[in-house]
Each structure stands twice: as C-alpha cells, then as structure tokens.
Amino acid sequence: GYQRDDALLWAGAASNPANKEDPIDKAVLESCNEHFGKERAQALLNDFRKVKFVGFNPIVKRTVAYCTHPQHGEIKIAKGLVDKILSTGDDGGDCWECVGAAGLREELREADQRFSQQGYKTVGVSVAEGHDGPMNFAAIVPIIDPPREDTRLTIHRIREGGVAVKMITGDHLNIAVETSRLIGLGTTVLPASDLWPASAQRDETILMADGFAQVLPKDKREVVLVLQNHGLVVGMT
C-alpha cells in the first residue's frame, strides 16, 4: 500500500495552486500545509516539477499531472472523482484502468459511500511510475467542503421573492442531500440517472425535485429545457 503522506502530496501535486476558485484544489493544498507545515509542504510540492498539466473539466472529472521528481524520476498523478480515477472509460481525456480495478471497485464504492454519508466529499488519487506506466490506485482523500455561511440566508431571500431554487451538482447523492439540507432547500434530491429516458412522468419529477446529483453538463441542459418548456424563466449560476 501507499503511505498517507505520499497520497496527500500526490493529491497536492495534481492540484493547481493558481486556481483560487476551485474548492477541491484549495482544500487539498490547505491540507498539505496543515499536515506538513506551510514551508515544508511548499518545498515538497516544488519537487514535483510539472511537465504537463491537464486541468479539471465536468466531462472527465479529473486532473492529471505529468511530473519529474528528483528521487522518483518521471511520475504521472491523477486526482478526481473516485470512479474516474479507478477507470476513466473512453471519455475523451487521458484514459486508463488502474491495476486490479475490477477487484477494487466494490471496496472503493463502499468506502466512498461511508465518507459521503458523513458529509465528506471524496477525491481519488492514482499514480504511475513513468508518464506511460500502468496506473495504480493510491488513496481516497476525504474533504470537508461546507457551504458558505451566507448561502442559506441568500436562498431564503430569493425564495421570499417568489423564485424557486433547485440544486444541480456533480457531487455524490448523499453529499448533495446533506448540502441541500444545510442551505435550507428540501431533501428531495435525485440521481442524474432519473433524468433519463425522457417522459411526461420524468418532466413532472424535474418540476417537483429539489435538486439532482452526479450530473453531467447534458443533464443540466435537460433540466433547464424541461423547465423552460413548462413556461418557466430559468437562470443558472
């Protein structure tokens, strides 16, 4: 297995410190600073010299860093949605399946579920020796990402003005339900799989639901289209 220190550093190396708006990268890098001390964390992370960095996007749901390291030589590190780190599928990004993926899948799913039920977001980390070497699943990193303190009040004021609010997120269903509760929305949050196939009953579900979880961009578009087709004016942030 891998050591916790290594897994945390790899997660940090696969993050983008220039992206101040990304809550996951921010949380990972803050965890590195807290665990190692800020100066040591910076020195350790600087040892991972990025040759190429592929940033996160909502389709592939992962970042990939191709690095050189003074001790380990060439190393490839990925960080993102646990399922996508274990086995990417053919989604247009850098593709791989981790060594022993079939045997790990259920164990990782259960661990991911346990973390999400406790209110944690999770990030999977995988690593390869060499930029073209086989990927090995290294760790699940749990992250607390609480809503902003003013979110609940903001939503309350919006709803007082007669505007309905739904949450649409890429987060795991359990996380989405808990977040929805914390910000004062209802907890009828459904998985994106409930959006397909299209039907009249499905459209009614979209109208009534408080939100949807584990969504892709095409799922968001579908929700907006259905609401607009029912004569509603829709805005999305």
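Can you pull out the strands (runs of 3 or more DSSP E) entirely within the stretch 1-86 that have at least 3 residues that are among the hydroxyl-bearing types (S, T, Y) and out of contact with any helix residue (DSSP H, G or I) (no Cβ under 6 Å at 6 or more places or on another chain)?
Numbers: elements: 49-54, 62-69, 73-80.
In the stretch 1-86, the matching strands (runs of 3 or more DSSP E) lie at 62-69.
Just give me the residues in the stretch 216-237 being under 24 Å from R152 (Cα atoms) and loosely packed, with under 11 Cβ neighbours inside 10 Å, in sequence order. The answer is V233, G235, M236, T237. When P147 is tested against (1) under 22 Å from R4 (Cβ atoms); (2) within 19 Å of the chain's Cα centre (by Cα), only condition (1) is not met.
Of these, A65, A43, which one is free of Cβ contacts under 8 Å to residues at least 12 places away in the same chain and of a type outside the set (D, E, K, R)?
Numbers: A65 fails: free of Cβ contacts under 8 Å to residues at least 12 places away in the same chain.
Being free of Cβ contacts under 8 Å to residues at least 12 places away in the same chain and of a type outside the set (D, E, K, R) holds for just one of A65, A43, which is A43.
Take P134 and decide whether it is in contact (Cβ under 8 Å) with a residue 24 or more places away in the chain, part of a loop (DSSP other than H, G, I, E, B) and farther than 25 Å from L104 by Cβ. Taking the combined requirement at face value, the residue does not satisfy it. F115 meets the conditions (1) at pLDDT 95 or above; (2) out of contact with any Leu (no Cβ under 7 Å at 6 or more places or on another chain); (3) of a type outside the set (S, T, N, Q); (4) not in a loop (DSSP other than H, G, I, E, B) in every case but one. The failed one is (1).
Of the residues making up the stretch 63-72, those that are at pLDDT 95 or above and either closer than 16 Å to M135 by Cβ or surrounded by 22 or more Cβ atoms within 10 Å (Cβ to Cβ) (or both) are T63, V64, A65, Y66, C67. Filtering the stretch 182-215 to residues that are among the hydrophobic types (A, V, I, L, M, F, W, C) and exposed (fewer than 15 other Cβ atoms within 10 Å of the Cβ) leaves L182, W196, A198, A200, L207, M208. Restricting attention to the stretch 85-107, the residues that are free of Cβ contacts under 8 Å to residues at least 12 places away in the same chain, small (G, A, S) and under 15 Å from V64 (Cβ atoms) add up to 1.
Of all the listed residues (L153, L190), the sole one being within 15 Å of V215 (Cα to Cα) and either modelled with pLDDT of 95 or more or β-branched (V, I, T) (or both) is L190. Within the stretch 210-237, residues that are closer than 15 Å to W196 by Cβ have Cβ atoms under 9 Å from residues that are surrounded by 15 or more Cβ atoms within 10 Å (Cβ to Cβ) and aromatic (F, W, Y) in these pairs: D219/F212; K220/F212; V223/F212, counting only partners at least 6 apart in sequence or on another chain. Taken as a whole, the stretch 172-181 holds at least one residue that is without any contact (Cβ under 8 Å) to a residue 60 or more places away in the chain and within 24 Å of C98 (Cβ to Cβ).
Residues that are assigned to a loop (DSSP other than H, G, I, E, B) and not hydroxyl-bearing (S, T, Y) within the stretch 87-103 comprise G89, D90, D91, G92, G93, D94, C95, W96, C98, V99, G100, listed in sequence order.
Let me confirm something: among M167, M135, which residue is under 30 Å from Y2 (Cβ atoms), surrounded by 19 or more Cβ atoms within 10 Å (Cβ to Cβ), among the hydrophobic types (A, V, I, L, M, F, W, C) and in contact with a strand residue (DSSP E or B) (Cβ under 9 Å, 6 or more places away or on another chain)?
On the way: M167 fails: under 30 Å from Y2 (Cβ atoms).
One residue alone meets the criteria, M135.
The values are calculated or read from the model by the stated rules, or taken from the named source; none is laboratory data. Model, not experiment: these values are computed from the prediction. Here Cβ is always computed from backbone atoms with ideal geometry, including for glycine, and neighbour counts include all displayed protein chains.
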